[in-house]
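The numbers here are math on the coordinates, done by the rules we state, and not lab data. The shown structure was predicted, so the numbers you read here are calculated from the model rather than taken from an experiment. Glycine also receives a Cβ, built like all others from the backbone with ideal geometry; neighbour counts cover every protein chain displayed.
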């Protein structure tokens, strides 16, 4: 994949304007206070997309994260850690209008949060739901190949699919487990309703099956969004339901009032036994997330939220705030 990227960088300047590589992504500054402990998290998530001709695309996303937290007790100053990694690096080849072949390190297509909402400039909350790691191997990525596309596309409905195989990789930048699975979704454009099912099977160590389902509903011109998922693994299961609303009643979505977006998410995770091979909490946990976002002009968002978490090990309050800017520009001037 590295050689493929170098080839793209070498040849892209000789392409036409529509083949110009793009730099996109998000820059954010977040704060999180969990059970009285506060962290400050400046984050950059750049995304690079480089088309090579009309059928080949190379795409990658990285994360650069800094974490500052005050020393405990009377000791002044801050502890500091940082994390830098490639989230994924993949090549996509468009075979037909119904089939795209993907190879490299890719986001596992299990339910929807992992590959649709995990970017900092898209999600309505700073943190993910309790079940975000269930069915995605913990790392969220696979290394191997995937087939993706639209099986059927009609005026009243469409059916899409994703099927993948991942090999075991121990590299720190592209860590993945040996697994296989996929997702299928039915979309009704008139109702703007999507329902889908997901499956994943781990093929190394103790073989495990994961099942998932999702439902999204975004009525046209209403400003309302409903997103939900259910996931079940061998040792745990859970769900999340999220609702968001922007009113068009006071001058449209781009008015001062229309940019305000209250959001709510309910999460629950349940242990099925006392074994732990997943990233879910060790005990049954419930969490209610209340948020108030503001969508500023020029792709800037302010995210604020309060969460109350309930568990037998103790209840806690979580306060989070952040500012995110989405950027998008060509890597260099096209012809």
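Each part gets one Cα centre, and for the stretch 100-124 versus the stretch 237-257 those centres are 22 Å apart.
In a fully extended conformation the segment linking residue 273 and residue 218 would gain 16.2 nm over its present Cα-Cα distance, using 0.36 nm per residue. If you plug the beta carbon distance of residue 67 and residue 93 into 1/(1 + (r/R0)^6) with R0 = 51 Å, you get a FRET efficiency near 0.85. For a paramagnetic label modelled on residue 308 (point 7 Å from Cα along Cα→Cβ), amide N atoms under 20 Å away belong, within the stretch 21-57, to 33-37.
Relative contact order, whole percent, for the chain stands at 16, derived from Cα pairs under 8 Å and 6 or more residues apart.
You can think of it this way: the chain between residue 55 and residue 234 has 60.5 nm of extra reach, that is 0.36 nm per residue less the Cα-Cα gap. With just the Cα atoms defining each centre, how far is the stretch 221-235 from the stretch 32-86? Give it in Å. Rounded to whole Å, the Cα centres lie 26 Å apart. Gap in Å between the Cα centre of the stretch 288-335 and the Cα centre of the stretch 166-206? Each part reduced to its Cα centre gives a spacing of 25 Å. Among the listed options (1) 0.95; (2) 1.04; (3) 1.27, the one matching Cα Rg over 2.2 N^0.38 Å as calculated from these coordinates is (2).
Mean residue ellipticity, 222 nm, helices only, the chain: the sum of -39500 (n - 2.57) across DSSP H runs of n ≥ 4, divided by residue count and rounded to 500, is -1000 deg cm²/dmol. Counted residue by residue at 0.36 nm each, then reduced by the alpha carbon distance between them, the extension gain from residue 83 to residue 288 reaches 71.0 nm.
The packing ranking, built from the mean of other Cβ atoms within 10 Å per residue, places the peptides 212-224, 113-125 in the order 113-125, 212-224, highest first.
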